[in-house]
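Notes follow the structure.
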Amino acid sequence: MIDELDASSPRGSLAIRLRDAVQERWSAEVQAIGLSGSMAHGDDNESSDVNVLVVTYRPKTGPKPTLRKVDGIPVDLRVVTAEEGLGQARQLTPRWPLLADAYLTAFPLHDPQNWFADRREAHLSLLAEARPMEFTGLARQDWAVANGAHTRAARLAQWYDTDAALILMAEARLHAALVAGLLTRTHFRNTADAVKRTGVAAADMQELGAILKYQAEELTARGRPVDGRLGALFD
C-alpha cells in the first residue's frame, strides 16, 4: 500500500478531483472514499483504471455507481454503505481470490473514522478463523463452473464454432485460477493476474483439461469427490 498519492500524475489528479466532487455534493452522506487496485498498490501506469469506492452512511445515497471514462481515463466508481461493506469483508465467496485484494489493500482519500482499516481488520479476522474445508467447498463450486465451460468449449470446437469456444475457454481458465487461489489461500489483483500467476493463461484445451483433472483429484483428496452419486448431492 502506498503512503501518499502522486497528485501530479493524471490518475492521481483525477482521483483527488473525484474525491473533492463527491465530498462537495454529498458531504453529509459520505463516510469514506478510497482507492483500490493498482493505484492503492502504487504501481499504476497509463493503462490502469481509477477504482474508487464511496462509503455512505445510508443506502441509496451518495453518487450512483458507474463505469466510464473521465478525461480519457477509465473510472470504476462503486458505492456501498459502511455496514454492507464490512459485511462483505466478513464473508467468503467463490470469488474470494479476486475480492480479497480490495479488502486488504486500499488507499483512503477521505476516511476520518478509519473505515478502511476496520474493513481490513474484519477480513483478516475472517481469514484467521476460516477452516480449510470452507475454502475447499468454495473451490468445488469454481471447479464445477470451470469444468462445465471447458466441456462446452471442447464441444463447440468440434462444431467449428471457435468464437464461442474461445469465450468459454476464457471462463474456464478464470475459474480454474480461482480454484488454485482458494486451495492455496492466494488472492490476486485482477482476473489477468489470476490466470497469469496460476499458469492457466496460455493453457490450450488439452492442457486445461489436465489442470482440471489434477484439481479434481486434489479436491477428492480433501474430502469429497467432484463427481458422486445422487445422494451425495444433498450432503
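Here's how it looks for Gly42: its modeled amide H is under 5 Å from those of Ile2, which are all 5 or more places away or on a different chain. Counting every C-alpha pair in the chain, the share spaced more than 34 angstrom apart comes to 27%. Per residue, the chain exposes 57 Å² of accessible surface when a 1.4 Å probe is rolled over the protein heavy atoms with every protein chain present. Measuring r between the beta carbons of Arg131 and Arg229 and using R0 = 30 Å, the FRET efficiency lands at 0.75.
Per residue, the average separation of C-alpha pairs within less than 8 Å and at least 6 apart gives the chain a relative contact order of 17 percent. Dividing the mean sequence gap of close Cα pairs (under 8 Å, 6+ apart) by how many residues region 136-208 holds gives a relative contact order of 34 percent.
Is the C-alpha gyration tensor of region 122-198 telling us rounded, prolate or oblate? Criteria: a/c under 1.5 is rounded; beyond that, a/b larger than b/c is prolate, otherwise oblate.
Numbers: a/c = 4.17, a/b = 2.25, b/c = 1.85.
Prolate.
At an R0 of 35 angstrom, the distance between the Cβ atoms of Ala157 and Gln23 translates into a FRET efficiency of 0.10.
A dipole drawn for region 132-233 from +1 and -1 charges on Cβ atoms has a positive end, and of Trp159, Ala202, Gly231 the residue lying farthest that way is Gly231.
Amide H contacts of Thr81 (H built 1.01 Å from N, in plane; Pro and chain starts excluded): Thr56 sit under 5 Å, all sequence-distant by 5 or more or on other chains.
For the chain, the fraction of 1.4 Å probe accessible surface lying on carbon and sulfur atoms is 52 percent.
Measuring with a 1.4 angstrom probe and ignoring ligands and nucleic acids, His41 comes out at about 60 Å² accessible. Modelled this way, with points 7 Å down the Cα-to-C-beta line, the labels at Lys213 and Glu84 are 4.5 nm from one another.
Apply the a/c threshold of 1.5 to the C-alpha gyration tensor of region 97-235 and tell me whether it is rounded, prolate or oblate. Oblate, because a/c is 1.5 or more while a/b does not exceed b/c.
Which residue, Arg78, Arg140, Arg119, has the most motion in a Gaussian network model of the chain that connects Cα atoms within less than 10 Å? Maximum fluctuation in the GNM of the chain, among the listed residues, is at Arg78. Scanning the chain for GluC sites (Glu not before Pro) lying in DSSP loops with no more than 10 further Cβ atoms inside 10 Å, the longest uninterrupted stretch between such sites is 47-235.
Dipole of region 1-121 computed with +1 at Lys/Arg Cβ and -1 at Asp/Glu Cβ about the Cα centre; of Pro63, Leu98, Ser48, farthest Cα towards the positive end is Pro63.
Mind running the shape call on region 10-129? Use the C-alpha gyration tensor, a ≥ b ≥ c as the square roots of the eigenvalues: rounded below 1.5 for a/c, prolate if a/b tops b/c, oblate otherwise. It is oblate, given that a/c is not under 1.5 and a/b is not larger than b/c. Report the longest stretch of the chain that contains none of the chymotrypsin sites (Phe, Trp or Tyr not before Pro) sitting in a DSSP loop with at most 11 other Cβ atoms within 10 Å. The longest uninterrupted stretch comes out as 1-158.
The values are calculated or read from the model by the stated rules, or taken from the named source; none is laboratory data. Here the structure is a predicted model, which means the values were calculated and not measured. Glycine gets a Cβ as well: all are built from the backbone with ideal geometry, and neighbour counts include every protein chain shown. Surface areas here come from the heavy atoms of the whole protein model, side chains and all, with no ligands, DNA or RNA. Shrake-Rupley method; radii C 1.70, N 1.55, O 1.52, S 1.80 Å.
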